[in-house]
Amino acid sequence: ESRPEAALPLDTREGGAAWNITDTTSTSGRLIYGIDAEELLSAVGEVRLERGERLDFCIDARYLRPADSTKIGGSAQYRLSRRYDLFGRSVFDVDQGRLRSNSVSLTRFFERATLQVGLFLDNIDDEGGIRVDFRPFDVPGLDIDSFSVSGG
């Protein structure tokens, strides 16, 4: 998902904290305060839950002041096998009062790369389609971060 707050050309103060409540539950948060704007620019908080070796959940909330946008998201990742992961995510737009987006993807792990194929649907912008992402790593002589194709 895009992160427009990462492109803000302002002098800022940032702070964050993380707490491992248990071995399987953690929470974290981050604030960005704009010195020039003299206001809070972004606030993010999340709770992560690990349930066994195969299942992880995450619930997060994000406020972005320049867009006056508040979103709540939830995701789940399930390890099907040593080579395959299934991932799903939904985001609710609080300001619009409706579900913003849904996505589901399947990732295949290779020795020196990952291949992810997914479906996405953005209910507010009325966009959707298929996304394919190939990420090689540790390949001598190859300097590619990732290769992605989206269409809808």
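Laid out as a table, the results:
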| quantity | calculated |
| --- | --- |
| Selection from region 66-91 of residues that are closer than 28 Å to T12 by Cβ and not small (G, A, S) | P66, D68, T70, K71, I72, R89, V91 |
| Matching residues, region 37-78, being in contact (Cβ under 8 Å) with a residue 60 or more places away in the chain and open to solvent by 60 Å² or more (accessible area, probe 1.4 Å) | P66, A67 |
| Qualifying residue in region 113-120 (condition: modelled with pLDDT of 95 or more and either of a type in the set (F, W, Y) or touching a helix residue (DSSP H, G or I) at 6+ places or on another chain (Cβ under 8 Å) (or both)) | no |
| Every residue from region 23-36 that is open to solvent by less than 40 Å² (accessible area, probe 1.4 Å) and of a type outside the set (S, T, Y) | G29, I32, G34 |
| Residue in region 84-91 that is open to solvent by 80 Å² or more (accessible area, probe 1.4 Å) and either within 25 Å of V47 (Cα to Cα) or not hydrophobic (A, V, I, L, M, F, W, C) (or both) present | yes |
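The values are calculated or read from the model by the stated rules, or taken from the named source; none is laboratory data. The shown structure was predicted, so the numbers you read here are calculated from the model rather than taken from an experiment. Every residue, glycine among them, receives a Cβ derived from its backbone with ideal geometry; neighbour counts consider all protein chains shown. Ligands, DNA and RNA are excluded from the accessible area calculation, which covers all protein heavy atoms including side chains. Shrake-Rupley method; radii C 1.70, N 1.55, O 1.52, S 1.80 Å.
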